[in-house]
1. Could you list, ordered by first residue, the pairs with Cβ atoms under 8 Å in which the first is in region 29-56 and over 19 Å from residue 68 (Cβ atoms) and without any contact (Cβ under 8 Å) to a residue 40 or more places away in the chain and the second is assigned to a loop (DSSP other than H, G, I, E, B) and of a type in the set (Gly, Ala, Ser), at least 6 apart or interchain?
2. Would you call residue 65 modelled with pLDDT of 90 or more and surrounded by 11 or more Cβ atoms within 10 Å (Cβ to Cβ)?
3. Can you say whether residue 83 is over 17 Å from the mean Cα position of the chain (by Cα), not in a loop (DSSP other than H, G, I, E, B) and not acidic (Asp, Glu), as far as the supplied structure shows?
4. Given the conditions (1) surrounded by 10 or more Cβ atoms within 10 Å (Cβ to Cβ); (2) at pLDDT below 85, and given that residue 86 satisfies all but one, which numbered condition is not satisfied?
5. Identify the single condition in (1) among the aromatic types (Phe, Trp, Tyr); (2) modelled with pLDDT under 90; (3) within 14 Å of the chain's Cα centre (by Cα) that residue 22 does not satisfy, given that it satisfies every other one.
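The values are calculated or read from the model by the stated rules, or taken from the named source; none is laboratory data. Since we're looking at a predicted model, the values are computed, not measured. Glycine gets a Cβ as well: all are built from the backbone with ideal geometry, and neighbour counts include every protein chain shown.
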Amino acid sequence: MKASIKLSKGRRRMSLTGKRKFRFIYSGENGSYINMAMDEAVMIELQRGFSLPLLRVYKWNPPTITIGYFQKAEEIDFDQCRKTVSVSFEG
């Protein structure tokens, strides 16, 4: 039995063991606004079907915490973050 991914209408199915083209981008070290804007742009292009899947490797400068859509800020131990990295928190 061959495993496959079921995609939305009009899209091809691909074997989970098959070869698939993708893009790789090392975007270097950026601030939070630039990194998040790049993530958003990639997501939009993927949703529109204008981009191959992407593996993007990047660094944060300064160190940054991102909170996911379904994550609550209360779930983050900010005291531990302060101890680990000497930064200030905004927002």
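1. 45/51
2. no
3. Yes: the conditions hold for residue 83.
4. (1)
5. Only one criterion is unmet by residue 22, namely (3).
Yes/no matrix, rows are residues, columns are (1) of a type outside the set (Ser, Thr, Tyr); (2) part of a loop (DSSP other than H, G, I, E, B); (3) more than 27 Å from residue 83 (Cβ to Cβ); (4) at pLDDT below 90:
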{"position": "8", "(1), (2), (3), (4)": "no, yes, yes, yes"}
{"position": "29", "(1), (2), (3), (4)": "yes, no, no, no"}
{"position": "33", "(1), (2), (3), (4)": "no, no, no, no"}
{"position": "41", "(1), (2), (3), (4)": "yes, no, yes, no"}
{"position": "46", "(1), (2), (3), (4)": "yes, no, yes, yes"}
{"position": "58", "(1), (2), (3), (4)": "no, no, no, no"}
